[in-house]
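This report concerns only the one structure given below.
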Amino acid sequence: YPALQIMADILGDGPLGRLNRRLAGEAATLTATWAAGFGHPGLFQVRGSVDPFRTTQILQAVFEELNGIRTSQVTEEELKTAKSAAINSMVFAYDNQLSMMPRLSQFEYFHFPKDYTRQYQQALEGVTRADVLRVAKERLDPAHMTTVVVANPVAFELPLESLGGTAV
C-alpha cells in the first residue's frame, strides 16, 4: 500500500503531479488516488474537470502517463516529493482527538498493530523507485480500467471510441 500511495501521488498530487504538469493550462486540476479501506484492497482513481472540447486529448494524455509510470522508473525528485507529501499528510490525519478516535477504533477492530502509524510512516520512507515501478506494473493496466465521462459528447473534439475500448 505505501508504494501505491506514492505512485498515485506522483501521478496526481496537486500541481506537482505528472498529470497536472503535463496538462497545465489544458485541464482543471486532475487528481490520482489510491484509497484502500479497511477490509478491502483499494481503488485507483484519476478524477478531474476538463474542457469538453479537449476531453479525448486529455484522456489520451492520462492513458499515456498511466502507461509511462508502468514502463520506466520515476525520478528521484518525484519520489522525494511524493514521500514528503505522504508523510506530511499523516500529521493532518491525527491532528486532534476527534479525528484520531474513529481511526484508532478501526485499527483495533481490524487487529492492526498498536504502532501501525509508525510502521506505516517507516514503510512510506522506505519506498524506492523500483517499488513504484513494480506496483504500477502489477496494479495499473489502462486497458482494464473503466473510464467514466459525464458530458455532452457533441462537444468532444473526437468521439471517445477513438481511444479504443467499448462505449456504453
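So the values come out like this:
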quantity: Elements of type helices (runs of 4 or more DSSP H) in region 6-101, at least 2 residues being among the basic types (Lys, Arg); calculated: 18-22, 76-93
quantity: Test: residue in region 9-18 that is free of Cβ contacts under 8 Å to residues at least 12 places away in the same chain and either surrounded by fewer than 14 Cβ atoms within 10 Å (Cβ to Cβ) or under 10 Å from the mean Cα position of the chain (by Cα) (or both); calculated: no
quantity: Residue list for region 115-164, filter: more than 17 Å from the chain's Cα centre (by Cα) and within 28 Å of residue 103 (Cα to Cα); calculated: 115, 116, 117, 118, 119, 120, 121, 122, 123, 125, 126
quantity: Which numbered condition residue 30 misses (of (1) touching a residue at least 24 places away in the same chain (Cβ under 8 Å); (2) within 30 Å of residue 119 (Cβ to Cβ); (3) under 14 Å from the mean Cα position of the chain (by Cα)); calculated: (2)
quantity: Any chance residue 24 is open to solvent by 20 Å² or more (accessible area, probe 1.4 Å) and over 22 Å from residue 123 (Cβ atoms); calculated: yes
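Residues are listed down the side, and each one gets a yes or a no for (1) of a type in the set (S, T, N, Q); (2) over 30 Å from residue 105 (Cβ atoms):
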| position | (1), (2) |
| --- | --- |
| 10 | no, yes |
| 23 | no, yes |
| 32 | no, no |
| 55 | yes, yes |
| 61 | no, yes |
| 64 | no, yes |
| 69 | no, yes |
| 75 | yes, yes |
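The values are calculated or read from the model by the stated rules, or taken from the named source; none is laboratory data. On a predicted model such as this, the values are computed, not experimentally measured, just so you know. With ideal geometry, Cβ positions are generated from the backbone for all residues, glycine too; neighbour counts draw on all protein chains shown. The accessibility values were calculated without ligands, DNA or RNA, using every heavy atom of the protein model including side chains. Shrake-Rupley method; radii C 1.70, N 1.55, O 1.52, S 1.80 Å.
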